[in-house]
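Note sheet for the following structure.
The values are calculated or read from the model by the stated rules, or taken from the named source; none is laboratory data. Worth saying up front: this structure is predicted, and the values here are computed from it rather than measured. Please note: Cβ atoms are built from the backbone with ideal geometry, for glycine as well, and neighbour counts cover all protein chains shown. For the accessible areas, the whole protein counts, side chains as well, though only heavy atoms, and no ligand, DNA or RNA atoms are used. Shrake-Rupley method; radii C 1.70, N 1.55, O 1.52, S 1.80 Å.
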Amino acid sequence: MTTRKFDRIILCFIGGAVLATATASIVSPNSGLTVAPRVSFDSARAEAIPLNQNARSSASGGIESASRYDIESLRKVQDLAQGFKEIGYNLDGVRDDALVPRVFLAELPHDLNETAEVSLKKTVFFKMMLPLILNENERILADRNRLHQIKISMALGAKIEARDRLWLAVLAERYKLKDENIDVLLRRVDIVPPSLAMAQAAEESGWGTSRFARTANALYGQWTTSDGKGIIPEDRPEGMDHKVRAFDNLAQSVSAYMRNLNTHRAYREFRKHRKSIRGKGQALNGSVLAENLTRYSERGKKYVDSVRAIINVNQLLGLDDAQLVKDDADDQSV
């Protein structure tokens, strides 16, 4: 898509301000997201936790008991697990088409690495990760749907409004493209299946127990430059100057991970394969798409095998169709 010269002048004039706004929305994509580590089960509307469909039928006493949970208790695995249970949030229910509550924790429980019960650790980890991943996918899908609408309007010969042209320019910048080619954007502006995103988070962070995950909210082991915000790996080879990128909260880590898969040249085959699946009208499958991530780790094929094993053993494919509960004033919250 080519923007006229006059439009380009206007875009250059106001683009900086809009880009700043867009960047802010990436860093804090949802008003329900709290700044680390501020999520509780009895917070105000901006941090509300809507109940899923299973919980909606619960007696009011269940809601009252859930309100016992404060910030300190959410830093403990056992209390967090109990809080999830009392609002009716369980993964088997989600697999059976129950909705996922909008519970967005900003950091991991402080005692996750001390939890000896493996099944408890894994379950809490997945329950924390799923809403964060779905929330980011929700934002991406909103952009993707808008792209489709603009493409349809163009095909019908309609004039594209200035605000849409500006939005396309901002989106292209965000996804590291030189122009606003909608077809190319559609290849990049797409979701990552929850099964894949959860499995990679588990693999990269040691189920949330790694030093990087605990101290820097770094779930996916992404690197940054020597002058970037991050932590120096203890086993960094001599002559290397990279760091593991640090984040203010878990949602930022999830957002950066998806943007990495959607923009970096190393994952071009991942995006190509995803587009092919879309073109056939098939559902995205995390285990299938994992085969394109041999370059995510120096372990190559062994890394892919490990990610797929996590997906299969924990039945994560059943969560790929999960959806967050609607975010509107009619939702119950605790």
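Summary of computed values
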item: Helices (runs of 4 or more DSSP H) wholly inside the range 257-314 containing at least 3 residues that are open to solvent by 30 Å² or more (accessible area, probe 1.4 Å); result: 268-279, 301-313
item: Wholly within the range 40-143, helices (runs of 4 or more DSSP H) carrying at least 3 residues that are at pLDDT below 90, in contact with a His (Cβ under 7 Å, 6 or more places away or on another chain) and among the β-branched types (Val, Ile, Thr); result: none
item: GLY208, sole failed condition from (1) farther than 16 Å from MET258 by Cα; (2) open to solvent by 10 Å² or more (accessible area, probe 1.4 Å); (3) part of a loop (DSSP other than H, G, I, E, B); (4) not hydroxyl-bearing (Ser, Thr, Tyr); result: (2)
item: Meets criteria (surrounded by fewer than 20 Cβ atoms within 10 Å (Cβ to Cβ) and either free of Cβ contacts under 8 Å to residues at least 12 places away in the same chain or under 27 Å from SER205 (Cα atoms) (or both)) for ARG139; result: yes
item: Residue within the range 127-136 that is within 17 Å of ILE191 (Cβ to Cβ) and either polar (S, T, N, Q) or surrounded by fewer than 20 Cβ atoms within 10 Å (Cβ to Cβ) (or both) present; result: yes
item: Conditions (1) in contact with a Leu (Cβ under 7 Å, 6 or more places away or on another chain); (2) in a loop (DSSP other than H, G, I, E, B); (3) of a type outside the set (Val, Ile, Thr); number of the one not met by ASP179; result: (1)
item: Tally, over the range 142-171, of residues that are open to solvent by 40 Å² or more (accessible area, probe 1.4 Å) and farther than 28 Å from LEU324 by Cα; result: 10
item: Test: residue in the range 172-180 that is at pLDDT below 95 and open to solvent by less than 60 Å² (accessible area, probe 1.4 Å); result: yes
